[in-house]
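S.K.: Dropping the structure in here first, questions after.
The values are calculated or read from the model by the stated rules, or taken from the named source; none is laboratory data. None of these values were measured; they are calculated from a predicted model. Heads up, the Cβs are rebuilt from the backbone with ideal geometry, glycines too, and the neighbour counts pull from every protein chain shown. SASA here: full protein model, heavy atoms, side chains in, ligands and nucleic acids out. Shrake-Rupley method; radii C 1.70, N 1.55, O 1.52, S 1.80 Å.
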Amino acid sequence: MKYETMLERFLGYVNFKSRSDASSTTIPSTPEQKEFLKMLKGQLESLKLDDVVLNEENWFLTATLPSNTDKEYDTVGFISHVDTADFNVEGISPQVIKNYNGENIILNKEKDIVMTTSEFPNLKNYKGLTLITTDGTTLLGADDKAGIVEIVEAVKYLSEHPEIEHGDIRIAFGPDEEIGRGADHFDAKNFATKYAYTMDGGVLGELQYESFNAAQITYKITGVSVHPGTAKGKMKNANTIAAELALLFPEKEVPEHTEGYEGFYLLHNMEARIEEAEMVYIIRDHDREKFLERKEYAKEVAQKINEKYGNVVQYDMFDQYYNMGDVIKDDKRCVDVAEQAMKNAEVTPIIIPIRGGTDGSKISYMGIPTPNIFVGGENFHGQYEFSCLEHMEKAADIIVEIAKLAKK
């Protein structure tokens with residue numbers, strides 16, 4: 001299938017700054033996301049979709065491509081997020097490399113920034129294809145603007161080809177996925193689909209219906225600052241207590257030593273001085289029982305420190321999301337349809353667990369099973385991010401195929 005406006009649309013989207021902000025308490029967390037959603041609303045209206053609504057309470061933009069057949073189809077949905085990750089977005093300057101030669105890519109000659117095949121050997125998989133890269137100083141924003149453009153282009157294609165029979169197709173674009181809050185406010189009841197898909201994966205063929213269970217724990221350590229010359233028996237150094245606390249976690253159960261279904265603890269950030277310290281850990285595991293055990297262990301770490309130093313550590317823990325596979329395993333039709341759609345589009349499905357979460361992790365628990373599908377890019381969240389145009393087109397093909405296959 002041909003998507004004549006895909007590249008132009010994608011370049012326009014990534015040049016639109018829409019980074020989220022975890023320190024903000026507003027919905028969405030940044031005003032730029034509002035502006036991007038308003039622009040998208042206009043584009044959806046120009047495609048003459050039904051029920052184009054930008055909800056200014058949760059800031060989800062939804063629309064419907066209505067059924068064009070009397071045959072019975074399930075209503076299916078496609079979802080992407082408009083925000084980008086916490087990395088520089090000032091002056092995004094995407095570069096289009098046609099017929100990529102499989103060699104090192106000079107992202108920025110002036111600053112000597114090169115994406116090398118030695119550091120990124122997967123680049124060789126894209127020889128002869130069209131890559132869209134950064135200029136080495138910003139992220140690209142393909143996560144998840146590639147997903148948005150694929151949904152828009154697929155819906156546009158379906159509307160222009162009425163000979164392709166399909167049921168109601170619902171789409172949704174929302175904010176603040178990167179900071180884990182957007183789907184908290186998703187209106188699943190009014191979205192009203194049998195199942196849905198987030199277009200928010202990575203490389204060609206990815207189909208994911210298992211995610212981590214996720215929690216966060218914040219330790220606050222209260223020290224006692226005394227002049228070092230008279231500190232004996234008085235000082236409680238929050239810096240060294242924090243270091244001691246960190247060493248109580250299993251050395252190898254961290255992201256850099258785990259893969260597949262292996263869970264981990266991650267010291268996400270820390271601020272410390274003698275009189276006080278704060279440590280934020282995230283806890284991840286696919287297995288619910290192991291997840292609960294990890295949370296208990298994180299509490300025990302604080303207890304051990306308090307037993308040694310007195311009541312110096314307070315903590316706050318909360319769950320962030322759960323493994324959507326625990327919902328989807330009871331009815332895997334959404335996975336089966338997507339897998340067949342990939343085969344129809346001559347894409348080999350790669351069914352793997354997400355070592356993270358998507359909006360679908362939360363939406364699945366709202367009653368809409370929502371697996372995750374590739375968007376055709378790699379190295380998200382940083383300066384070496386890139387997308388492959390041909391693989392983005394394949395992702396749009398998958399959406400079209402799912403629309404065909406979603407018969408009751």
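S.K.: As a test question: what accessible area, to the nearest 10 Å², does Lys98 have when a 1.4 Å probe is rolled over all protein chains in place?
M.R.: 150 Å²
S.K.: Semi-axes of region 366-408's equivalent ellipsoid from the Cα gyration tensor, sqrt of 5 times each eigenvalue, largest first, rounded to whole Å?
M.R.: Over the Cα atoms of region 366-408, the ellipsoid semi-axes are 26, 16, 4 Å.
S.K.: Calculated from DSSP H runs of 4 or more alone, at -39500 (n - 2.57) each and per residue, what is the 222 nm mean residue ellipticity of the chain, nearest 500?
M.R.: Rounded to the nearest 500, it is -9000 deg cm²/dmol.
S.K.: Let me ask something additional. Between Thr358, Thr137, Thr25, where does the largest GNM mean-square fluctuation fall for the chain, given springs only between Cα atoms within less than 10 Å?
M.R.: Thr25
S.K.: Can you list residues whose amide H is under 5 Å from Glu210's amide H, if they're 5+ apart or on another chain and H is modeled 1.01 Å from N?
M.R.: For Glu210, the qualifying residues are Ile354.
S.K.: Take every DSSP beta bridge whose two residues both sit in the chain, then give the antiparallel share in percent to the nearest 5.
M.R.: 75 percent
S.K.: Next up: For region 67-127, what is Rg from Cα atoms divided by 2.2 N^0.38 Å, rounded to two decimals?
M.R.: In units of the globular-protein estimate, region 67-127 measures up at 1.88.
S.K.: Right, something else. Once phi is turned into θ = phi - 60°, what whole-Hz ³J(HN,Hα) does the Karplus curve with 6.51, -1.76 and 1.60 give for every residue of region 260-269, x standing for Gly and Pro?
M.R.: Here the 3J(HN,Hα) series is x, 8, 6, x, 7, 10, 10, 6, 6, 7 Hz.
S.K.: Given the alpha-carbon gyration tensor of region 262-359, what are the semi-axes of its equivalent ellipsoid in whole angstrom, ordered largest first, with each equal to the square root of 5 times an eigenvalue?
M.R.: 40, 15, 9
S.K.: While we're on this one: Order Met270, Met235 by their accessible area, 1.4 angstrom probe, all chains in place, largest first.
M.R.: Met270, Met235
S.K.: List the extent of the Cα atoms of region 1-146 along each of their three principal axes, largest first, rounded to whole Å.
M.R.: Computed over the Cα atoms, the extents are 53, 42, 23 Å.
S.K.: Kirkwood Rh over alpha-carbon pairs of the chain, then Stokes-Einstein at 10 °C and 1.306 mPa s: what D in µm² s⁻¹, rounded to an integer?
M.R.: 70 µm²/s
S.K.: Between Asn104 and Asp331, what is the label-point separation in nm under the 7 Å Cα-to-beta-carbon projection?
M.R.: Distance between label points: 5.4 nm.
S.K.: For Cα pairs less than 8 Å apart in space and 6+ apart in sequence, what is the mean separation divided by the residue count of region 173-273, i.e. the relative contact order in percent?
M.R.: Dividing the mean separation by the residue count of region 173-273 yields 14 percent.
S.K.: Can you tell me, using C-alpha contacts under 8 Å and at least 6 residues apart, the relative contact order of the chain as a whole percent?
M.R.: So the answer I get is 24 percent.
S.K.: Using a 1.4 angstrom probe and counting only protein chains, how large is the accessible area of Ser225 in Å², to 10?
M.R.: About 70 Å², rounded to the nearest 10.
S.K.: For a bin width of 10 Å, list the pair-distance distribution of region 154-269 built from all Cα-Cα distances, rounded to whole %.
M.R.: Taking every Cα pair in region 154-269, the percentages come to 8, 23, 24, 18, 13, 8, 4, 2, 0.
S.K.: OK, next. Over region 137-207, what portion of Cα pair distances is larger than 20 Å, expressed as a whole percent?
M.R.: 43 percent
S.K.: Please go through the residue pairs Lys48/Lys343; Lys71/Lys189; Lys2/Lys41 and name each one whose alpha carbons sit more than 27 Å apart in this structure.
M.R.: Lys48/Lys343
S.K.: Can you give the percent of C-alpha pairs in region 106-161 whose distance is more than 16 Å?
M.R.: Pairs farther apart than 16 Å: 62 percent.
S.K.: Pop out the carbon and sulfur fraction of the accessible area of the chain as a percent, whole number, probe 1.4 Å.
M.R.: Percent of accessible area from carbon and sulfur atoms in the chain: 47.
S.K.: Here is a further query. Which of these, Gly382, Gly91, Gly357, has the largest mean-square fluctuation under a Gaussian network model of the chain (Cα springs below 10 Å)?
M.R.: Of Gly382, Gly91, Gly357, the most mobile in the Gaussian network model is Gly91.
S.K.: Amide H to amide H, which residues 5 or more places from Val224 or on other chains are under 5 Å from it, using H placed in the peptide plane?
M.R.: Amide H neighbours of Val224, under 5 Å, 5+ apart: Lys236, Asn237, Ala238.
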